[in-house]
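Each remark here refers to the structure printed beneath this line.
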Amino acid sequence: MPPEAAASSTGTGYVAARFRRPLPAERPHVGRCTRLLCSAFLTALLIAGVVLFVVYLAVRPHRPRFHVTGFSVSGIAPSSGGAVAMSGQLSIRNPNRDIAFFYDRFYLSVEYRGTGVVKGQALTTAPLYQPPKTTSPLVFEGVAASSAGGDMARDAAETGGRVEMTVKVRSRIRARLAFWGNRHWHPLNVRCEVAVGPDGQLLAEYLQKRCSIDFL
């Protein structure tokens, strides 16, 4: 072998040997502990999920249900010429077996032709507590409508006496399960479609009609 090649080979081996480091020793106990911790965490997570699922199946939470049980409008007859006043009643049903509801004060609004004729009329002066499996009435009487008498009377004459409106109820709600109570209030908005005939009374197809609700 030529001297240059031998020198080159010798130099490369020297450099490789110089920078070669021994591999770190394996630590099996660290890997074993990591696996145990991961297994314990996944097991706890699985147990918590199963418990929550079983509780959900046992409780089966349901939203409250609002229905129209009465509604009337006075002053819409063409010959009345008076102010329009509205009266009615909604029923609030708590269908849950173990969950109670707390409601803040209720406020009423009524829309006619997309325009608010009643805006934010207070229906209750204090919060309402509703135990499980109970029904509570929400009543309003003689609520004046702002400058809608002429339009309603005209619609009643043109449509055979049928006048359609939207009743809206606004409040806040929170739930309580057994001895655990939710301290956070959630907005509650209820929307009920109603229609009255020429006598101002609620039409039969709207009686006990279920209202839509949302929590936005």
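The values are calculated or read from the model by the stated rules, or taken from the named source; none is laboratory data. Everything quoted here is computed from the prediction, not taken from an experiment. Every residue, glycine as well, gets a Cβ built from its backbone with ideal geometry; the counts of neighbours run over all protein chains shown. All accessible areas refer to the heavy atoms of the entire protein, side chains included, with ligands and DNA or RNA removed. Shrake-Rupley method; radii C 1.70, N 1.55, O 1.52, S 1.80 Å.
In the condition set (1) under 17 Å from residue 75 (Cα atoms); (2) at pLDDT 90 or above; (3) surrounded by 12 or more Cβ atoms within 10 Å (Cβ to Cβ), residue 173 is compliant with all but (1).
With respect to residue 105, determine if the residue is at pLDDT 95 or above, open to solvent by 80 Å² or more (accessible area, probe 1.4 Å) and within 20 Å of the chain's Cα centre (by Cα).
yes
Is at least one residue of the stretch 194-201 within 15 Å of residue 67 (Cα to Cα), without any contact (Cβ under 8 Å) to a residue 40 or more places away in the chain, among the small types (Gly, Ala, Ser) and open to solvent by 50 Å² or more (accessible area, probe 1.4 Å)? No, the stretch 194-201 contains no residue that is within 15 Å of residue 67 (Cα to Cα), without any contact (Cβ under 8 Å) to a residue 40 or more places away in the chain, among the small types (Gly, Ala, Ser) and open to solvent by 50 Å² or more (accessible area, probe 1.4 Å).
With respect to (1) more than 25 Å from residue 83 (Cβ to Cβ); (2) in contact (Cβ under 8 Å) with a residue 60 or more places away in the chain; (3) among the basic types (Lys, Arg), the lone exception for residue 168 is condition (1).
Any residue in the stretch 104-123 that's among the charged types (D, E, K, R): show its pairings with residues that are open to solvent by 40 Å² or more (accessible area, probe 1.4 Å) and assigned to a strand (DSSP E or B) at Cβ separation under 8 Å, as long as the two are six or more apart or on different chains. The qualifying pairs are 104/172; 105/122; 111/168.
Can you tell me which residue is modelled with the highest pLDDT among those in the stretch 78-102 that are open to solvent by less than 20 Å² (accessible area, probe 1.4 Å) and more than 29 Å from residue 62 (Cβ to Cβ)? Among those that are open to solvent by less than 20 Å² (accessible area, probe 1.4 Å) and more than 29 Å from residue 62 (Cβ to Cβ), it is 86.
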